[in-house]
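Peer 1: Questions regarding the structure given below will be posed in turn.
Values quoted throughout were computed directly from the atomic coordinates according to the rules given, and no laboratory measurement underlies them. Quick caveat, the model's predicted, so the values are computed rather than measured. Heads up, the Cβs are rebuilt from the backbone with ideal geometry, glycines too, and the neighbour counts pull from every protein chain shown.
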Amino acid sequence: MKEKLYKLFKFLISKTFLFNFLGVIAFFAIVFVALNIYLKSYTQHGKSVTVPTFVGMQTEDAIDLIKDGGFDYVIVDTIFDNNVDKGAIAEQIPKPESLVKDGRRIYLIVNSKNDELISMPQFVGYSIRQVNSLAESYGLLVGNLRYVPDIAANVVIRQLYKGDEIAAGTKIKKGSKIDMILGLGLSDKTTLVPTLIGLTYKEASNNLLDLFLNTGAVNYDETVRNKKDSVNAKVYNQSPRYSTINEVNLGYNVDIWLTRDESLIEAKILEVEEASEEEKMKKETK
């Protein structure tokens, strides 16, 4: 037994065993290093790039930029979005400024180049308040209101598109303006002009419709550069101005001016408040 252990010990410290043992260790070390280098290269370990912003760009321009950046792309859907230019990218995945591997696939949702069509609803016979809500649900805009003598006060008598009467069921572009002819009732009626300062176009238009008034000329200043700006812009001036004593006829046009400049809006709000106080004092002195 002692002799066998002695022979084993002699073998373990022999040059042959040590040479083979070190050779095996070296082999596995080389395999490990080579495999690690390969995996890092294959997965592009530690390399990432920032995804540019494609939303708002025309599809053709976005695709060119995607290819130049070494990305792949897939257009997964086409939608209708009034807040984005026709034919532009409405959404992207991954999101802008995301860190991704070079060559990552970008998924795009594109705003259609074509107009979305809907069937014209029936507004005749409804009050203007009801029509205001119905038009919004259909994606239409209430255009000019014209009042004519009729016993059905503030009820739609005719519905018009570009000056011509339009029948319910007719295909029409979503977002179109529909003009209304309404009954004035048995006597002339007037209303006060509300203050529209600080409201968006949509809010201002709705406020005017609630008082049976029209949105007249719509003017945007230089701070409004695209559709998104126009949606977020707010009224900083109006004509006729807000008054607590001067009334106008139903159907009167109120012109508005819009901006993205908050300081301009705040200054105008203060001006309106001061004018309102002056009118209030005039009332009290009478």
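Peer 1: Can you list residues from other chains, or at least 5 along the same chain, whose modelled amide H is less than 5 Å from the amide H of Met57?
Peer 2: Answer set, sorted by chain and number: Ile89.
Peer 1: Give the long-range amide H neighbours of Val155: residues separated by 5 or more places, or on another chain, with amide H under 5 Å away, using H modelled in the peptide plane at 1.01 Å from N.
Peer 2: Residues meeting the criterion, in which the H sits 1.01 Å from N, are Gly183.
Peer 1: Considering only Cα-Cα distances, which of the following residue pairs are longer than 25 Å: Lys113/Lys171; Lys202/Lys282; Lys67/Lys227; Lys189/Lys234; Lys177/Lys234; Lys174/Lys227?
Peer 2: Those over the limit are Lys202/Lys282; Lys67/Lys227; Lys189/Lys234.
Peer 1: Still on this structure: By the scheme Lys and Arg +1, Asp and Glu -1, what is the net charge of all other residues having a beta-carbon under 11 Å from that of Thr223?
Peer 2: The answer is -2.
Peer 1: What does the charge count near Gly175 come to, summing +1 for each Lys or Arg and -1 for each Asp or Glu among other residues with Cβ under 10 Å from its Cβ?
Peer 2: +1
Peer 1: In whole Hz, what ³J(HN,Hα) sequence does the range 92-108 give by Karplus (6.51, -1.76, 1.60; θ = phi - 60°), x for Gly and Pro?
Peer 2: 9, 9, x, 5, x, 6, 6, 9, 9, 5, 4, x, 4, 7, 9, 9, 10
Peer 1: Compute the distance in nm between two label points, each set 7 Å from the Cα along the Cα-to-Cβ direction, one at Phe80 and one at Glu274.
Peer 2: 4.7
Peer 1: Going by how many other Cβ atoms sit within 10 Å of their own, how do Leu65, Leu199 line up, fewest first?
Peer 2: Leu65, Leu199
Peer 1: How long is the gain from Thr244 to Asp229 if the chain were fully straight, where each residue apart is worth 0.36 nm and the alpha carbon distance is subtracted?
Peer 2: Contour length minus the Cα-Cα distance gives 2.3 nm.
Peer 1: Note the full-extension length gain between Leu134 and Thr200 as 0.36 nm times their separation in residues minus their Cα-Cα distance, in nm to one decimal.
Peer 2: My answer for the length gained is 21.8 nm.
Peer 1: How large, in Å, is the range 190-286 by the Kirkwood hydrodynamic radius built from its alpha-carbon pairs?
Peer 2: Hydrodynamic radius (Kirkwood, Cα only) of the range 190-286 equals 13.9 Å.
Peer 1: When Lys and Arg each count +1 and Asp and Glu each count -1, what net charge do the other residues less than 10 Å away from Thr259, Cβ to Cβ, add up to?
Peer 2: Cβ neighbours under 10 Å give a net charge of -2.
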